[in-house]
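*Asks:* Please find one structure pasted underneath; my questions will follow.
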Amino acid sequence: MTLAVLAGCSQKEPGVATGPSTEPEQTSTSKRPTSTPSSGVAGDKIDPCSLFPDADAERLGLSTPGKARTGNFGIPECRWTASGKFIAAVSSANNGLAKFKGEPVTLPKHKALQIVDLAEFRGCSIALEMSADLIYVANVSPADNTPGAQMCPHALEIAKVVDSKLP
């Protein structure tokens, strides 16, 4: 689970967002869909790359296109990098927002939490609630020793776009 920063599940605490995987990237060889999700698509079947279009990624200084890959526990994610400064990722998790501790974030469509430096993940995640047992996560992690909290403005910008694309 991810966003140039990954959203994933920790082996210590199932369903908890984690940082970027140290596993080699497994990119998809097929073209990623360019259409935006429709309200008829099940929330857990949405292509994470479609939730953060290339134009928005470029505006934040991220390399495009986003790279579709299989993240932690076989969950689809999409990753971008920003010139070695940070990694961003968008993914989903079969988990409820209520299981996380963080600061509430105001978004137009979805309830969300900002989570900083969770478990082994150093960075900032914005978890958006789709249902009681499904969230989408925008993650940003620094490529250097920058404190995770400094990644939150980037994570919030990505989360705003993701929020607008989700049903």
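The values are calculated or read from the model by the stated rules, or taken from the named source; none is laboratory data. Small disclaimer: the values here were computed from a predicted structure and weren't measured. Here the Cβ positions follow ideal geometry from the backbone for every residue, glycine too, while neighbour counts run over all protein chains shown. The protein model used for the area step is the full one, side chains on, heavy atoms only, and it has no ligands, DNA or RNA in it. Shrake-Rupley method; radii C 1.70, N 1.55, O 1.52, S 1.80 Å.
*Asks:* Taking 0.36 nm per residue of separation and subtracting the Cα-Cα distance, what length does fully extending Thr70 through Asn94 add?
*Replies:* 7.1 nm
*Asks:* So how far apart, in nm, are the two label points at Ser83 and Asn145 if each is 7 Å from Cα heading toward Cβ?
*Replies:* Placing both labels 7 Å beyond Cα along the Cβ direction yields 2.2 nm.
*Asks:* Can I ask one more? State whether the range 106-156 is rounded, prolate or oblate according to the following rule on the C-alpha gyration tensor (a ≥ b ≥ c being the square roots of its eigenvalues): a/c under 1.5 gives rounded; otherwise a/b larger than b/c gives prolate, and the remaining case gives oblate.
*Replies:* prolate
*Asks:* Taking 2.2 N^0.38 Å as the expected size of a compact globular protein, what ratio does the Cα radius of gyration of the range 82-167 give against it, to two decimals?
*Replies:* Here the answer is 1.01, to two decimals.
*Asks:* Exactly which trypsin sites (Lys or Arg not before Pro) in the range 41-115 are in a DSSP loop and have at most 11 other Cβ atoms within 10 Å?
*Replies:* Lys101
*Asks:* In the range 67-149, what GluC sites (Glu not before Pro) fall in a loop by DSSP, with at most 15 other Cβ atoms inside 10 Å?
*Replies:* Answer in residue order: Glu120.
*Asks:* On a 26 Å Cα-Cα criterion, which of the cross-link pairs Lys85/Lys111; Lys85/Lys160; Lys99/Lys165; Lys85/Lys109 come out too long?
*Replies:* Cα-Cα > 26 Å for Lys85/Lys111; Lys85/Lys109; rest within.
*Asks:* For the range 46-114, what is the accessible area per residue in Å², given a 1.4 Å probe and the full set of protein chains?
*Replies:* So the range 46-114 comes to 47 Å² accessible per residue, rounded to a whole number.
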